[in-house]
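Notes to accompany the following structure.
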Ligand code: SF4
């Protein structure tokens, strides 16, 4: 071939080979944006375990197959399921807005951080939005706060968390759906391994911060087996957890579009049952819920674990059983998502 005819002019040897190589796999690139924030504290409807929620990011790179919060990207006209995972929005200007809004918080209120996205997802390593809020909370007293995360990155903030806990009620919910690392990798592709999350529980409890494990969402016939849940609760206890949650999987249409193909790929024998049970309703109804609630109660009792954080009674936590996953409140209990 004459040089002038070459489709790769100027390239030779390994450079030419590289340029001619076929794509085997193309990994998605995560893009980070900054979005104006109008309000940090979002009020939930009355009767729920917390009064306010805070989410410093929109979207979540951890990409859990069951994530209920995918619908929140639809508010931004982002309807492709992968966009929730690879278009991450960091909210701007959070501290002054939070300081202003804290004047509305009463002594009996509670604030939950990380209800629709993980506050310690990879973006936090660089953009520090969660940390900027914690710095505000460190200057407060008498508040009741909880943080829900799957990430060991929270260990970075332990000194700050200790400072907050010295003047406020603070608990941390670490979500671990399974101890099986390969199942976790399939379910929660970009989240830290279960053993790293357990080590995080240990680090937090060693620092004196009340910490619990949430096995949420419990997925029927995938993670709900007595032996699996018992082993998880035992490991949680051994790593210092003081409570163990439990919320059943619910599938809104945006989550169903991701979760059912996951079931088809990894648990094809369960697909029809999932389709039938979740086709007409996002929530499972019937005796299964009672059975699972009883199973969790017995497991907690066996391992000396409470059902919720220090400032959440069992009665208050009960609604979470029906509507939470990953430690997250169901869509129905959020008045709006920030
Ligand atoms: S379930 Fe939680 S950690 Fe997983 S993608 Fe959704 S918000 Fe992120």
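Bear in mind that the values in this text are calculations on the coordinates, not laboratory data. Please read all numbers here as calculations on a predicted model, not as lab measurements. Please note: Cβ atoms are built from the backbone with ideal geometry, for glycine as well, and neighbour counts cover all protein chains shown.
Note on 221, 292, 183: ascending count of other Cβ atoms within 10 Å places them as 221, 183, 292, the fewest first. Beta-bridge orientation, the range 18-127: approximately 35 percent antiparallel, per DSSP, counting only bridges with both partners inside. Summary of the geometry: the range 240-269 and the range 76-153, compared by the centres of their Cα atoms, lie 24 Å apart.
Taking 17 Å as the cut-off, the amide N atoms of the range 129-154 that come nearer than this to a point 7 Å along the Cα-to-beta-carbon line of residue 162 belong to 135, 138-139, 154.
For the range 28-333, the antiparallel share of DSSP beta bridges with both residues in that region comes to about 15%. Among 283, 288, which comes first, then next, by fewest other beta-carbon atoms within 10 Å? The fewest-first ordering by Cβ neighbours comes to 288, 283.
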